[in-house]
Structures are given as structure tokens and as C-alpha cells.
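K.L.:
Mind having a look at this structure? Questions to follow.
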Amino acid sequence: MPKVDRKNPTRAASSESRYSLMEFSREFPDDDACLNYLWRTRYSKDGEHAECSKCEAVRSFRRYETSQRRQSWTCTACGHHLHPTAGTIFAGSATSLHLWFYAMFLMTSTRCGISAKQLERELGVTYKCAWRIFHLIRNDLMAQTTEPLTGKVEMDETYVGGKPRQSDVAQWGTEANSTERRQATQRWSNETKTVVFGMVERGGSVAAHVVPRKPQAAIMSHISAVVDPRSIVYTDDARIYDRLPRAGWDHRTINHSARVYVQGDVHTQTIEGFWSLVKRGIGGTHHAVSTKHLQGYLNEYAWRYNHRRDGHAQFESLLLRAAGR
């Protein structure tokens with residue numbers, strides 16, 4: 001019989017999970033539990049006293065039952081209302097808080113992501129509702145920050161999009177040698193796919209952004225905004241990085257054109273590993289993503305990557321972000 005974690009009796013001691021479905025169900029069984037979490041996290045640690053902006057003092061608050069079923073607490077001194085969902089992605093939503101919280105749990109408990117169609121089936125809502133929930137979580141709660149990347153920072157650009165048609169491949173077959181075929185493949189990617197640029201601190205966080213088809217200026221802007229000037233940057237031999245040494249960066253290059261991928265500590269394997277996670281996740285879960293919404297999906301994968309070593313569950317981190325903490 002497997003051993004049980006005494007702190008969390010619903011989870012086996014050998015489990016890698018930090019926050020299981022059973023723990024979620026126990027902590028957030030209904031809408032009231034979710035609303036109380038927001039109330040205590042945003043306004044009242046003890047669940048009763050909070051700062052009243054009208055009284056300009058700490059007052060006692062109570063939640064009264066009303067015919068409108070208001071999601072608010074009322075100051076017992078002046079009648080001022082505090083709404084725990086105000087200013088959050090939950091404000092004005094007709095979808096229950098319990099479903100919102102469960103959607104956040106699902107997004108943080110999977111490594112490859114979850115599609116809106118799957119969420120539609122899990123929650124019993126319409127596809128439009130499920131897609132809107134994911135859209136707000138990705139673009140509001142998981143939006144990438146400008147926390148600096150330091151030390152050894154790898155950079156790389158990649159292309160996200162479909163595979164070439166058989167007719168395109170047939171045209172490349174007429175090229176004289178493999179080098180010319182690779183160049184033809186590159187031209188096809190430049191014309192049809194979306195360019196994405198990423199930076200990762202070895203052992204640390206990652207940042208990923210959609211950039212224009214002529215990306216050099218945008219890439220330099222992202223580097224200046226995020227990477228510490230004292231860092232050592234590692235890239236492949238693409239010409240878009242030619243400006244880095246002239247701009248004063250300590251720049252190390254690995255020559256991918258010559259089929260060299262690792263030379264001592266000079267490589268871009270870490271960022272390429274992240275691209276693999278993104279592409280396998282999008283291809284396996286979502287199948288296709290439009291350029292218009294690609295940044296949101298990058299936010300989601302970058303957020304999960306950056307919180308992979310959280311001392312507490314990713315779900316709890318996302319809840320705190322939702323509550324503005």
C-alpha cells in the first residue's frame with residue numbers, strides 16, 4: 001500500500017504533484033469559498049476587518065444576503081461596499097468564480113497546456129466562454145514581466161507555423177544540393193511563418209515575444225529592455241545578432257551553419273529546449289495558432305517555465321496574481 005503524505009492525506013508521498021485535484025476540491029468546493037479567498041487576500045486577513053475608504057479607518061465588514069446576490073462586503077459603520085472581484089479578470093463575468101478557479105487550476109496542472117475545446121467539456125460552458133477565460137488568463141495574469149535576465153543568457157529566434165505543402169517540397173527537390181534546399185526551406189519559413197524571439201537565463205527565467213518579419217530592431221529593443229548589460233549573451237551565427245558586439249555586449253557565437261552546436265559552454269541548447277516545449281505543446285494540444293493570438297500562448301508557456309521551481313504550487317502563484325498580489 002503506498003505511503004500517504006501526512007500533511008496532504010489526499011496525495012501519495014511519492015507523488016510529484018504539489019497541488020492535486022483533491023486538494024483543489026477541498027479548498028475551493030464552491031463559489032463562496034472562491035469569493036472568500038479573494039476577500040481575505042485582497043482586503044481582510046481575518047475575514048472581518050478591512051480598510052474603509054469612506055470612513056478612512058479600519059472597520060468591521062459583513063456580507064449580507066441580498067436578492068441581487070451581491071458579491072460584496074458592507075461596512076457596518078457607513079454602509080460602504082467592497083467588492084473582492086473589482087479590478088480583476090472576474091469583474092462583470094457571468095461565469096461562476098468556481099469555474100474560473102478550476103480553469104486556472106487546469107492550466108497550471110498540465111505541462112503542455114489545455115485547449116479551449118477541452119475546457120468547454122470540463123466546465124460545461126460554451127466554446128466562446130471557454131476561449132474568453134483562457135484569453136484573459138494568458139494575456140492578463142500570465143503577461144510577461146521585464147524582470148532582468150542576468151549571468152549567461154541564451155538568445156534565439158524561431159519560426160512558428162505549419163509544415164510546407166508537398167508542392168513546396170517538390171520545388172526544393174530540384175535544387176542542386178542540400179545547402180540550396182536548406183536555403184529554400186529558410187526562404188519559405190521567412191515568407192509564411194511567424195517569427196518569434198526568445199531569451200533565457202541559464203537556470204533561470206525565459207522571455208519570448210512575437211517579432212516582425214525583419215526582426216533586428218525589435219530584437220535589439222527586447223534585449224535592451226530585459227537583459228542586464230553585464231551579462232554574457234550566447235547566440236547562433238545569424239546576421240541579426242551582428243549589432244550586439246558594436247552595442248557593447250559580451251557576445252559569444254556558436255556556428256550552426258557549420259553544423260557546430262556545442263563548443264565548451266558556448267551553445268543555445270537551453271532556449272532551443274524551450275522552443276521544443278512550445279512547439280510540441282502547440283502542435284499536440286492546439287494544432288494551430290494564429291499570429292494574432294500567438295503572443296498569448298507564448299505568455300502561457302513562458303509563465304509555466306518561469307514558475308517551474310515555485311516553492312508553492314503554480315496554481316497558488318496564479319491566484320495571487322489574479323488577486324493583485
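Every number in this text was worked out from the coordinates using simple rules, so none of it is lab data. Keep in mind it's a predicted model, so treat the numbers as computed, not measured. With ideal geometry, Cβ positions are generated from the backbone for all residues, glycine too; neighbour counts draw on all protein chains shown.
K.L.:
Which of W188, V227, Y301 sits farthest toward the positive end of the charge dipole of region 152-306, with +1 on the Cβ of Lys and Arg and -1 on the Cβ of Asp and Glu?
P.N.:
Of W188, V227, Y301, it is W188.
K.L.:
Here is a follow-up. Hey, could you get me the Stokes-Einstein D for the chain, Kirkwood radius over alpha-carbon pairs, 20 °C and 1.002 mPa s, rounded to whole µm² s⁻¹?
P.N.:
93
K.L.:
Which lysines, on any chain, are close to K45 with Cα under 29 Å apart, when same-chain ones fewer than 8 places away are left out?
P.N.:
Leaving aside lysines fewer than 8 places away in the same chain, those within reach of K45 are K7, K54.
K.L.:
Now for a separate question. Taking neighbour Cβ counts within 10 Å as the exposure measure, how do R187, R40 sort from fewest upward?
P.N.:
By the 10 Å Cβ count, ascending, the order reads R187, R40.
K.L.:
Listing I219, I282 from the residue with the fewest other Cβ atoms within 10 Å to the one with the most, what is the order?
P.N.:
In increasing order of surrounding Cβ atoms, one gets I282, I219.
K.L.:
On to the next question. Tally Lys and Arg at +1 and Asp and Glu at -1 over the other residues with C-beta under 13 Å from the C-beta of F274: what net charge comes out?
P.N.:
That sum, taken over residues with Cβ under 13 Å, equals 0.
K.L.:
What angle, in degrees between 0 and 90 and rounded to the nearest 10, separates the Cα long axis of helix 31-42 from the longest principal axis of the Cα atoms of the chain?
P.N.:
80
K.L.:
Over the chain, what is the percentage of antiparallel beta bridges among all DSSP beta bridges, to the nearest 5?
P.N.:
The answer is about 75 percent antiparallel.
K.L.:
Once you sort the root eigenvalues of the Cα gyration tensor of region 152-306 as a ≥ b ≥ c, which label holds: rounded (a/c under 1.5), prolate (a/b larger than b/c) or oblate (the other case)?
P.N.:
Since a/c reaches 1.5 but b/c is at least a/b, the shape of region 152-306 is classed as oblate.
K.L.:
Listing Y301, Y64 from the residue with the fewest other Cβ atoms within 10 Å to the one with the most, what is the order?
P.N.:
In increasing order of surrounding Cβ atoms, one gets Y64, Y301.
K.L.:
Of D31, D265, D250, which has the largest mean-square fluctuation in a 10 Å C-alpha GNM of the chain?
P.N.:
D265
K.L.:
Next question. What pairs in K117/K279; K128/K292; K117/K214; K128/K214; K128/K163; K152/K193 have C-alpha atoms more than 26 Å from each other?
P.N.:
In this structure, K117/K214; K128/K214; K128/K163; K152/K193 exceed 26 Å between Cα atoms.
K.L.:
Report, to the nearest 10°, how far helix 178-192 tilts away from the longest principal axis of the Cα atoms in the chain, using its own Cα long axis and a range of 0 to 90°.
P.N.:
Orientation of helix 178-192: about 40 degrees from the principal axis.
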